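Here the structure is laid out as structure tokens; the discussion comes afterwards.
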Amino acid sequence: MANSILKSIGLTGTAITIIIVSFLYTPVSFLIKKGGIFKDSFPLKTNFQLSCKPIPDLPAQCNDFAIHEESSTSIYTCAQNSIINFINNNEDIYLPPHLYNIETKKVSKLKITNFPEDKKVHFKNVKLYKPEESDKTLAFFINEDENGNTIEKFEYIPENKEIVWKSTLKHNLIKYASDFTLVNENDLYIINKYNTNNKWMQLIDNALVKSNSKIVSCDEDSICKVVAKSIKGAGGIEISRDKKIVFVSSSYSGTILTYERKELTNSLRLSYTQNLDFIPGRLFYLSKKNENVYAFGYRSFFGLTNRLFSTFIEKFIKLDFSIQSPLVLGKIVKNEGRNQFYGVLFEWKTIMELEGELTNSNNIKDRDISSLAIIKNDKVRKQSFGISWNEKTKPLVCNGFN
């Protein structure tokens, strides 16, 4: 009967199937464990709210960025290859990396030098690293390939608006790299979220809540090994400033995992699990000098599905429909309290909950924070910059915060 009602409003069998799959895409284990279905209806009121506006000359496809504080520039990677894009039957879009000058507010395409001609520029994540006792800055990118993702290493020359290719890291343990963090210019940890680049298989993995996410450690000789596995929906990874602790967010279990790192072997040992009352995503530092790891997260599982649901409504019922979900922003800090004696090594501090209003624009997609992923501070100019998972929202410039 329900199937007949859905068809009567114009939904095809394929559309119905996709909608069902989208809800299966929700991590059921989080719903059972946390019981947080309607938490979106009761947002936590905080004194601080972000006020943001889009950077007009940057593409909406930009999905990651890194700030080079020394030159007041930012490198943006621009890839539109999400599940939303896949469901809409749109071709994946990969634009060349863009450079944003924070002082002049000018945007240009980043010049790529010496990159092998037989390789495609399908960059989707970027990290910058400055070796000690060196003036050079290195830029690392995840480069997507249907046969397995690679990590591309460049030297970044900001005065020339240029990156110069140095080397490629490729290994059969890296199928779908979703994020990575650098120990130094040669060693890194990579999240291998899926064992396939096929979007349908990724949807099935999510629907079945498979624990296939792994952390892979690789060195300068391209020798890689699995150092952590069976992570439920690994969303992001970062390493502490002293390189002793690796943090990994688990979206499906609503936790942040902390691993002790062994310096000689780069092996990891799970030392503490920080339970959260929300679903964490990417992990990031606010700035170069910041000591704490931050994360955005949804209060309930609706935050994971609202973009999918809105897409189905727009595509199959032809309505301009959008749902906004409050986001929590917080940080994980070293526990200095008495309970650290009992193994409570870290604690979570919520900074604010964002309600979804970014600007006074009449275009809801310009002010949608229901999928804000990362934000970074520019304390010199008392502003910050953000990226949204919403494929129709441009990169944002916002007010600064501590």
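The values are calculated or read from the model by the stated rules, or taken from the named source; none is laboratory data. Treat the numbers as computed from the prediction; the structure is a model and nothing was measured. As a convention, Cβ positions derive from the backbone with ideal geometry for all residues, glycine included, and neighbour counts pool all protein chains shown. Accessible surface areas use protein heavy atoms only, side chains included; no ligands, DNA or RNA. Shrake-Rupley method; radii C 1.70, N 1.55, O 1.52, S 1.80 Å.
Values for this structure:
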| item | result |
| --- | --- |
| Neighbours by Cβ (under 6 Å, 6+ apart or cross-chain): first from the stretch 249-273, in contact (Cβ under 8 Å) with a residue 60 or more places away in the chain and farther than 12 Å from Glu238 by Cα; second among the aliphatic types (A, V, I, L, M) and part of a loop (DSSP other than H, G, I, E, B) | Tyr252/Val209; Gly254/Leu276; Tyr272/Leu345 |
| So Asn360, is it modelled with pLDDT under 65 and either surrounded by fewer than 16 Cβ atoms within 10 Å (Cβ to Cβ) or assigned to a loop (DSSP other than H, G, I, E, B) (or both) | yes |
| Subset of the stretch 220-242 that is of a type in the set (Val, Ile, Thr) and touching a residue at least 12 places away in the same chain (Cβ under 8 Å) - its residue that is surrounded by the fewest Cβ atoms within 10 Å (Cβ to Cβ) | Val226 |
| Selection within the stretch 105-128 - open to solvent by 50 Å² or more (accessible area, probe 1.4 Å), out of contact with any helix residue (DSSP H, G or I) (no Cβ under 8 Å at 6 or more places or on another chain) and not aliphatic (A, V, I, L, M) | Lys105, Lys106, Lys109, Asn114, Glu117, Asp118, Lys119, Lys120 |
| Which numbered condition Arg269 misses (of (1) of a type outside the set (A, V, I, L, M); (2) part of a loop (DSSP other than H, G, I, E, B); (3) touching a Lys or Arg at 6+ places or on another chain (Cβ under 9 Å)) | (2) |
| Positions within the stretch 243-273 being open to solvent by less than 30 Å² (accessible area, probe 1.4 Å) and on the phi > 0 side of the Ramachandran plot, in sequence order | Gly254, Asn266 |
| Selection count, the stretch 101-141, where residues are in contact (Cβ under 8 Å) with a residue 60 or more places away in the chain, not polar (S, T, N, Q) and not in a loop (DSSP other than H, G, I, E, B) | 6 |
| Hey, Val344 at pLDDT 60 or above and either open to solvent by 60 Å² or more (accessible area, probe 1.4 Å) or in a strand (DSSP E or B) (or both) or not | no |
| Set Ser230, Ser240, Ser267: member being within 27 Å of Glu152 (Cα to Cα), in contact with a strand residue (DSSP E or B) (Cβ under 7 Å, 6 or more places away or on another chain) and of a type outside the set (Lys, Arg) | Ser267 |
| Among (1) modelled with pLDDT of 90 or more; (2) part of a strand (DSSP E or B), the one test that Leu173 misses | (2) |
| Asp179 being open to solvent by 10 Å² or more (accessible area, probe 1.4 Å) and either among the charged types (D, E, K, R) or farther than 26 Å from Ile231 by Cβ (or both) | no |
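This table checks each residue for (1) of a type in the set (Val, Ile, Thr); (2) surrounded by 14 or more Cβ atoms within 10 Å (Cβ to Cβ); (3) farther than 15 Å from Gly386 by Cα; (4) at pLDDT below 90.
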{"residue": "Lys33", "(1), (2), (3), (4)": "no, yes, yes, yes"}
{"residue": "Phe42", "(1), (2), (3), (4)": "no, no, yes, yes"}
{"residue": "Gln61", "(1), (2), (3), (4)": "no, yes, no, yes"}
{"residue": "Ile75", "(1), (2), (3), (4)": "yes, yes, no, no"}
{"residue": "Glu103", "(1), (2), (3), (4)": "no, no, yes, no"}
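Condition check ((1) open to solvent by 40 Å² or more (accessible area, probe 1.4 Å); (2) at pLDDT 95 or above) across all residues:
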{"residue": "Glu144", "(1), (2)": "no, no"}
{"residue": "Gly148", "(1), (2)": "no, no"}
{"residue": "Lys153", "(1), (2)": "no, yes"}
{"residue": "Pro158", "(1), (2)": "no, yes"}
{"residue": "Glu162", "(1), (2)": "no, yes"}
{"residue": "Ser167", "(1), (2)": "yes, yes"}
{"residue": "Ile190", "(1), (2)": "no, yes"}
{"residue": "Tyr194", "(1), (2)": "no, no"}
{"residue": "Asn198", "(1), (2)": "yes, no"}
